[in-house]
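K.L.:
Take this structure, written in structure tokens, and hold onto it; I'll ask about it next.
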Amino acid sequence: MKDADTRRAAQRRRGRASRKYKPGEVELLLVAETPPTALERYFYFADVQSHDSLFRYVVRGVLGHEPLRSSKEDDLAELRDRGVLLVDLKQDPHDPSPLASHVPDLTRRIQRLNPQRVILIKANVHDAAFSKLREAGVPVVDERVPFPGSGQQQRFEQAFQRALRRPPESETADSSDSSPGRSDVQSRAESVILARVAELVGPTLRKRRLKLPAGSVTEVDGASEDLSVLVEAFARQGPMKPGQTRKVARDVLKLITLRRHYEGDRAILAFCDQAAADSLTGWAAEAAEIWGVEVIVVPIPPTLRAKLLAAQERQFR
């Protein structure tokens, strides 16, 4: 009991320290394996006296200078101001469960943070998480970055610089998978929408390509692993234009068809703006009601909403 209490207290202390340096908007998310087992050491602790190599090499790579112990708080603040955040795949270093079992929780945490770029640190983290994160639409960089310890410091510096330059997988995807007029900010918003829906319904959702009986294949924005939940996400702000309304109508038909074929429990149209959701009218709205397609509106961060509005203005000038 005492050990469990100590571990919970350590996790709370780490949480308080990382929240102090959490950016308002995450540009770069670093994912490490797990916090150190030594209770006095952690990336976000300002008073670490030794074995703080990950922090030192991240500062070198991002801020471009050699960090000093006496100025760690200043460097942490500068990382925060540049939009850099570090999280761990496994949050309890004493948890014996395999890393892969923590990937669904990591996916939900990343989708809530909505970073523009994710870099995985340590080969086993990449092996456990990369494919699943990419499938979930996370902007993860395909670079195996070793942990900067045990003689791997130079390899870390080289791989970390490549990762900082390399575009995330979501930006290198085949453009045939994107709708005309689709922007990166719309893709990020849809990831946030799916994360909010996942919080409501339970299971992790990821983009899936699904086959119908005659062999045709279609894609759904979010689906649970067992296909019991199917979701289409719409980032539109304000009333939809006619072409967008037609797309939503087609997606209503798609959700009905997939749900019946795969015997799913829930089919959901998820919006992040009430005016856009209210644009679903006519036969599509009646079909959604008759066949049990849920229409929900979930919140997104104000900064993301502002970026969506700006992107929409650029598209329709």
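K.L.:
Could you line up ARG19, ARG109 from fewest to most neighbouring Cβ atoms inside 10 Å? Display every interim value, and only then the final one.
P.N.:
Numbers: ARG19 9, ARG109 17.
In increasing order of surrounding Cβ atoms, one gets ARG19, ARG109.
K.L.:
When the label point is put 7 Å from the Cα of SER228 along its Cα-to-beta-carbon vector, which residues of region 198-220 have a backbone N closer than 16 Å?
P.N.:
198-206
K.L.:
Same structure again: How much length would be gained if the chain were fully extended between ASP265 and ASP142, taking 0.36 nm per residue of separation minus their Cα-Cα distance, in nm to one decimal?
P.N.:
On the way: separation 123, 0.36 × 123 = 44.28 nm, distance 3.46 nm.
So the chain would gain 40.8 nm between ASP265 and ASP142.
K.L.:
In nm, give the distance between the simple-model label positions of LEU63 and ALA287, each being 7 Å from the Cα along the Cα-to-Cβ direction.
P.N.:
Between LEU63 and ALA287, the simple spin-label model gives 5.6 nm.
K.L.:
I would also like to ask the following. Under a 10 Å cutoff between Cα atoms, tell me which one of VAL298, VAL58, VAL48 has the largest fluctuation in the Gaussian network model of the chain.
P.N.:
Top of the fluctuation ranking is VAL48.
K.L.:
Once you've got the GNM for the chain with C-alpha springs shorter than 10 Å, pick whichever of PRO98, PRO168, PRO203 has the biggest mean-square fluctuation.
P.N.:
PRO98
K.L.:
Between SER131 and LEU212, what is the label-to-label distance in nm when each label sits 7 Å out along the Cα-to-Cβ direction?
P.N.:
2.9
K.L.:
Continuing with the same structure: In nm, what is the difference between 0.36 nm times the number of residues separating GLN158 and GLN274 and their Cα-Cα distance? Could the numbers behind the result be given before it?
P.N.:
Values: separation 116, 0.36 × 116 = 41.76 nm, distance 4.69 nm.
Full extension of this stretch gives 37.1 nm more.
K.L.:
A follow-up question, please. Measure out, as a whole number of angstrom, how far apart the alpha-carbon centroids of region 231-304 and region 49-114 sit.
P.N.:
Here the answer is 37 Å between Cα centres.
K.L.:
If I take R0 = 41 Å and measure r between the Cβ atoms of SER70 and ALA100 in this structure, what FRET efficiency does the formula 1/(1 + (r/R0)^6) give, to the nearest 0.05? Mind dumping the intermediate values first?
P.N.:
On the way: r = 40 Å, r/R0 = 0.97.
So, using R0 = 41 Å, E works out to roughly 0.55.
K.L.:
Over region 4-145, what portion of Cα pair distances is larger than 28 Å, expressed as a whole percent?
P.N.:
Numbers: 1350 of 10011 pairs.
Across region 4-145, Cα pairs with separations above 28 Å total 13 percent.
K.L.:
Going by how many other beta carbons lie within 10 Å of each one, how would you line up GLU263, GLU73, fewest first? Show your work: numbers first, answer last.
P.N.:
Details: GLU263 8, GLU73 13.
Sorted ascending by nearby Cβ count, the order is GLU263, GLU73.
K.L.:
With mean projected area of the Cα convex hull in nm² as the read-out, I listed [x] 15.3; [y] 18.6; [z] 26.6; which label goes with the value calculated from this structure?
P.N.:
The value matching this structure is [y].
K.L.:
Tell me the relative contact order for the chain as a rounded percent, counting alpha carbon contacts under 8 Å between residues six or more apart. Mind showing how you got there, number by number?
P.N.:
Details: 484 pairs, mean separation 41.2, N = 317.
RCO, the chain: 13 percent.
K.L.:
With the crude spin-label approximation of a point 7 Å out along Cα→Cβ, what separation in nm comes out for ILE296 versus ASP47?
P.N.:
In this crude label model, ILE296 to ASP47 measures out at 4.4 nm.
Bear in mind these aren't lab numbers, they're just calculated from the coordinates by the rules spelled out. This one's a predicted model, so the numbers in the text were calculated from it and none came from an experiment. Methodologically, a virtual Cβ is constructed for each residue, glycine included, from the backbone with ideal geometry; neighbour enumeration extends over all protein chains shown.
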